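Student: Sharing a structure with you now.
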Amino acid sequence: MDDHEERKDPSILGEGDLSSEGISDLLKRGNEVEVFECDRSGNVRSKWLHKPDHTIFSTTHDSSSTYFWLSISAIRQAIYDSFLPVGYPHSVSEDYLAYQFYDSLQAFFSTITSLLANRALLQGLGVGDANSSATFAMMLTILKDAMSRIATIVFAHRFGLRIEPDAKRYRFLADLFNDTAFFLELYSPYFGPWGKVVALSTGEALRALCGVAAGASKAALSVHFAKHENLAELNAKEASQETAVGLVGLLVGTVVVKFVEGHSAVLYLMVALVFGHLWVNYLGVCCVAMSTINRQRATLIFEQIRKNGTVPSLREVAQKENILFWKPVLKNQDGTVVGTLSMAESYGQALSVPPGGQVRVIDGMGFTLFANAHAPDGHLDLRILLHTDSTPMQALEAWFAALEIGLHTKLSNPHAVLAALHQPKGYAAASSHAIAQAGWNTETQSLETDAPIRLALRAAHHKEE
């Protein structure tokens, strides 16, 4: 029997088959005790038979199994345990293996591409050029390092809060930054001294952006994959996978670098590798079905609830997600874009009205909507501010309410548009149980991509003169 198939949930034995008594109690009555060793996920790893005379026998494998097949099974299990989390597949989400497959492929392509780019980088630094000086190479290296550190600080400050809600997008963008850096390094030997400085410094800055975006987005994805408090182990096993794939990539890349030297051949190979790298990376992030509700997923959930009254599954939403080109807009029932939607950055920004425009405030349970109608056609700019006591479901309700307002909006003059706004029905509140039943995480919300702002209200008392 296949060892991997042997791991079954003990519940298949039936509740009546499992004893609530201890081992010693069963042995005292002269019973043989069948013992199941289970991992934290509840999957049987091995089985034992404990006899009343305290002799034990392993019953994990069929007695007819040969030594050869037992050895093969042990080797295979050692490989599983080296590269996959303990308890796989039950200890991780269903989309873990598909993502890791594509992630390993993209790491393989990236390793070969980096070898080709590194050779060009050494040439750009002056290796093999009698006219280059060690001082120039050293100063260029210092400048590259400085640009990398500055880019890391600026990017983390500007986009740090946006990465977790849009982890799939930034995971893909990370490799887009990295591949762009590869091309800059590839062409650096053909630039003049100042051209090399610009190309290599920009490439190093892009690689720093890749490091921040990839590290933060991978952390968010790992939280999604881990199911049984095995986040640290999952990250460790991913590092092992990348190391093994990197070793294979180094072996293949060494052969490639040795035999592919002409500029045209290197360029064509780089283009093929980069497109392959980005394509498998795109497939990888597309196969991930996140359970957190960000702005795009909230919009897709709302659209299906409104159309047929059902809550889409995680997989259905993942298939519809746009990884790169999506922004929150308001559309009416005709499909016409009638405005934009955002979480307000401050109370002042929520109430800011352009010349000729008007604003209307709509209160909900745990949130306030600020509808700004722009002149001359009444184009809406809906901004949301949550209250200090708002829950994740109320935040989702605020987003649904704004989308519903957009459905019934017809562009006209600002006054007419605001006057026609109606009170939302409350799709999220009515569907909260169904949303949770569909597998969505309703304990947190990922609608905010900037520093969260909350409103606390109190009536101001006027002083009598």
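The values are calculated or read from the model by the stated rules, or taken from the named source; none is laboratory data. Computed from a predicted structure; not experimentally measured. Neighbour counts run over all protein chains shown; Cβ positions are idealised from the backbone, glycine included. Quick note on the areas: whole protein, heavy atoms, side chains included, nothing else; ligands and nucleic acids left out. Shrake-Rupley method; radii C 1.70, N 1.55, O 1.52, S 1.80 Å.
Student: Looking at Gln394, Gln296, Gln349, which one is more than 28 Å from the chain's Cα centre (by Cα), part of a helix (DSSP H, G or I), under 28 Å from Ala451 (Cβ atoms) and touching a residue at least 24 places away in the same chain (Cβ under 8 Å)?
Tutor: Values: Gln394 fails: more than 28 Å from the chain's Cα centre (by Cα); Gln296 fails: more than 28 Å from the chain's Cα centre (by Cα).
Only one candidate qualifies: Gln349.
Student: If Phe325 passes every condition in (1) more than 25 Å from the chain's Cα centre (by Cα); (2) at pLDDT below 90; (3) not charged (D, E, K, R) but one, which one does it miss?
Tutor: Looking at each condition in turn, Phe325 falls short on (1).
Student: A further question follows. How many residues, within segment 165-174, are open to solvent by 10 Å² or more (accessible area, probe 1.4 Å) and either part of a helix (DSSP H, G or I) or of a type in the set (Phe, Trp, Tyr) (or both)?
Tutor: The qualifying residues number 4.
Every residue, every condition in (1) closer than 22 Å to Pro85 by Cα; (2) touching a His at 6+ places or on another chain (Cβ under 6 Å); (3) at pLDDT below 65, yes or no:
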residue	(1), (2), (3)
Asp2	yes, no, yes
Arg7	yes, no, yes
Glu34	no, no, no
Asn43	yes, yes, no
Tyr67	no, no, yes
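Student: Here's a follow-up. If you go through segment 145-158 one residue at a time, how many are open to solvent by less than 60 Å² (accessible area, probe 1.4 Å) and either within 22 Å of Phe325 (Cα to Cα) or among the charged types (D, E, K, R) (or both)? Walk me through it before giving the result.
Tutor: Narrowing segment 145-158 to residues open to solvent by less than 60 Å² (accessible area, probe 1.4 Å): 146, 148, 151-152, 155-156.
Next cut, either within 22 Å of Phe325 (Cα to Cα) or among the charged types (D, E, K, R) (or both) only: 155-156.
The total comes to 2.
Student: Among the numbered criteria (1) touching a helix residue (DSSP H, G or I) at 6+ places or on another chain (Cβ under 8 Å); (2) small (Gly, Ala, Ser); (3) farther than 25 Å from Leu97 by Cα, which one does Gly192 miss?
Tutor: All conditions are met except number (1).
Student: What's the number of the condition Gly262 fails, among (1) more than 30 Å from Lys410 (Cα to Cα); (2) touching a residue at least 24 places away in the same chain (Cβ under 8 Å)?
Tutor: (2)
Student: May I pose another question? Has segment 333-347 got any residue that is more than 19 Å from Thr409 (Cα to Cα) and open to solvent by 60 Å² or more (accessible area, probe 1.4 Å)?
Tutor: Taking every residue of segment 333-347 in turn, at least one turns out to be more than 19 Å from Thr409 (Cα to Cα) and open to solvent by 60 Å² or more (accessible area, probe 1.4 Å).
Student: Still on this structure, I have one more. Quick check: anything in segment 359-373 modelled with pLDDT under 90, open to solvent by 30 Å² or more (accessible area, probe 1.4 Å) and out of contact with any strand residue (DSSP E or B) (no Cβ under 7 Å at 6 or more places or on another chain)?
Tutor: Yes, because at least one residue in segment 359-373 is modelled with pLDDT under 90, open to solvent by 30 Å² or more (accessible area, probe 1.4 Å) and out of contact with any strand residue (DSSP E or B) (no Cβ under 7 Å at 6 or more places or on another chain).
Student: Let me ask something else. Does Pro392 satisfy the criteria of being at pLDDT 85 or above and open to solvent by 30 Å² or more (accessible area, probe 1.4 Å)? Walk me through how you get there before you give the answer.
Tutor: Details: at pLDDT 85 or above: yes; open to solvent by 30 Å² or more (accessible area, probe 1.4 Å): yes.
So Pro392 fits the description; yes.
Student: Can you go through Phe225, Phe275, Phe191, Phe183 and tell me which one is surrounded by 14 or more Cβ atoms within 10 Å (Cβ to Cβ), of a type in the set (Phe, Trp, Tyr) and at pLDDT 90 or above?
Tutor: After ruling out the rest, the residue left standing is Phe225.
Student: So His387 fits all but one of (1) over 18 Å from the mean Cα position of the chain (by Cα); (2) open to solvent by 40 Å² or more (accessible area, probe 1.4 Å); (3) at pLDDT 90 or above; what number is the exception?
Tutor: So the condition that His387 fails would be (2).
Student: What is the residue count in segment 312-336 for residues that are in contact with a Gly (Cβ under 9 Å, 6 or more places away or on another chain) and among the hydrophobic types (A, V, I, L, M, F, W, C)?
Tutor: Number satisfying all stated conditions: 3.
Student: Also: Restricting attention to segment 310-332, which residues are of a type in the set (Gly, Ala, Ser) and buried (at least 16 other Cβ atoms within 10 Å of the Cβ)?
Tutor: Ala318
Student: Follow-up question, since we're still on this one. Do you know which of the residues in segment 253-265 that are open to solvent by less than 60 Å² (accessible area, probe 1.4 Å) and in a helix (DSSP H, G or I) is nearest to Ala107 (Cα to Cα)?
Tutor: Applying the filter and picking the extreme gives Gly253.
Student: Could you tell me whether segment 224-233 includes any residue that is out of contact with any His (no Cβ under 8 Å at 6 or more places or on another chain) and under 25 Å from Thr180 (Cβ atoms)?
Tutor: Taking every residue of segment 224-233 in turn, none turns out to be out of contact with any His (no Cβ under 8 Å at 6 or more places or on another chain) and under 25 Å from Thr180 (Cβ atoms).
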